[in-house]
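Note sheet for the following structure.
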Amino acid sequence: MLMGGLERATSGAVSALGHDLTALGEDALARFRREHMGVVFQSFHLIPTMTALENVATPLELAGRRDAFDRAEEELRAVGLGHRLDHYPAQMSGGEQQRVALARAAAPRPDILLADEPTGNLDGPNGQAIMDLLFGLRDRHGATLVLVTHAPELAARCDRVISLADGRISGVETRNQEAAE
């Protein structure tokens with residue numbers, strides 16, 4: 001929540017892409033998120049009265065993208081939901097809703113893709129599918145992927161793992177030399 005500028009730090013600073021997020025006002029933070037970040041929440045946060053296509057296209061429209069619906073459809077097809085474009089969240093499984101949320105986060109081609117417990121509400125097979133999609137989106141769009149997870153199998157796929165205990169860093173493990181640079 002701090003890295004995404006969705007909550008304010010009570011002390012210290014939060015920097016992303018050379019910007020001090022703690023110094024930005026609400027409007028500037030919203031613009032920064034819109035231009036540089038995609039966020040995937042554990043509980044999806046889809047708008048229930050909008051179709052999958054509309055859920056993905058709306059943030060693009062708000063950003064002034066003329067190709068919002070084309071881009072939204074492209075991303076939904078990329079996550080295997082081309083056949084569910086006109087379905088509402090209540091008509092989809094949890095795994096499908098999470099894939100809509102992934103498409104929505106990836107559609108603007110963010111520099112940073114934040115995912116908060118992206119597999120937390122899913123069963124094993126759906127969780128594995130979401131993991132594969134997350135890393136595929138990262139590779140396809142070249143975004144930095146930042147995950148919050150309690151799932152060791154998800155953390156094991158990351159280049160760098162920062163462990164927290166009681167709100168403090170308790171360990172840092174780098175698995176890939178390129179990630180350390």
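The values are calculated or read from the model by the stated rules, or taken from the named source; none is laboratory data. Keep in mind the model is a prediction, meaning the values are calculated, not measured. Ideal geometry is used to build each Cβ from the backbone, glycine not excepted, and the neighbour counts take in all protein chains shown. For accessibility, only protein heavy atoms count, side chains too; no ligands or nucleic acids. Shrake-Rupley method; radii C 1.70, N 1.55, O 1.52, S 1.80 Å.
Figures for the structure shown
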item: Long-range HN-HN contacts of Leu145 with modeled amide H, under 5 Å; result: Leu113
item: Surface share of carbon and sulfur [accessible, 1.4 angstrom probe, percent] for the chain; result: 49
item: Angle between the chain longest axis and helix 124-141 axis [Cα atoms, degrees, rounded to 10]; result: 80
item: Vicinal HN-Hα couplings computed from phi for region 90-102 (Karplus, 6.51 cos²θ - 1.76 cosθ + 1.60; Hz; Gly/Pro x); result: 5, 8, 10, 6, x, x, 5, 4, 5, 5, 4, 4, 5
item: Proximal charge balance of Gln128 [Cβ under 12 Å; K/R count +1, D/E count -1]; result: -2
item: Cα-centred dipole magnitude for region 21-150, charges only on beta-carbon of K, R (+1) and D, E (-1), debye, nearest 20; result: 180
item: Extreme residue, positive dipole direction of region 21-150, given options Gly82, Leu113, Gly142 (C-beta unit charges); result: Gly142
item: R0 of 22 Å, Cβ-Cβ distance Ala90-Gln128: FRET efficiency to nearest 0.05; result: 0.35
item: Region 106-159: trypsin sites (Lys or Arg not before Pro) in DSSP coil with no more than 11 other Cβ atoms inside 10 Å; result: none
item: Shape call, the chain: gyration tensor on alpha carbons, a/c limit 1.5; result: oblate
item: Helix 26-36 vs. the chain, principal-axis angle (Cα, 0 to 90°, nearest 10); result: 80
item: Solvent-accessible heavy-atom area per residue, rounded to whole Å², over region 1-160 at 1.4 Å; result: 51
item: Neighbour cut-off at most 13 other Cβ (10 Å), DSSP loop, GluC sites (Glu not before Pro), region 17-61; result: none
item: Nonlocal amide H pairs with Arg160, under 5 Å, H built at 1.01 Å; result: Arg175
item: Amide H within-cut-off set for Val40, under 5 Å, with H built and near neighbours excluded; result: Leu114, Ala115, Asp116
item: Dipole of the chain, positive end: most advanced residue of Leu53, Gly25, Ser163 [Cβ charges, Cα centre]; result: Gly25
item: Table column - 3J(HN,Hα) (Hz), region 19-24, Karplus curve with 6.51, -1.76, 1.60, x for Gly and Pro; result: 10, 7, 5, 6, 8, 8
item: Over the chain: helical MRE at 222 nm, DSSP H runs n ≥ 4 each giving -39500 (n - 2.57), nearest 500; result: -12000 deg cm²/dmol
item: Contact order relative to length of region 27-102, as percent, for alpha carbon pairs under 8 angstrom and 6 or more apart; result: 39
item: Relative contact order (%) - the chain, alpha-carbon pairs under 8 angstrom, separation at least six; result: 19
item: Gain upon complete extension [Glu173, Arg138; 0.36 nm per residue less C-alpha separation]; result: 10.6 nm
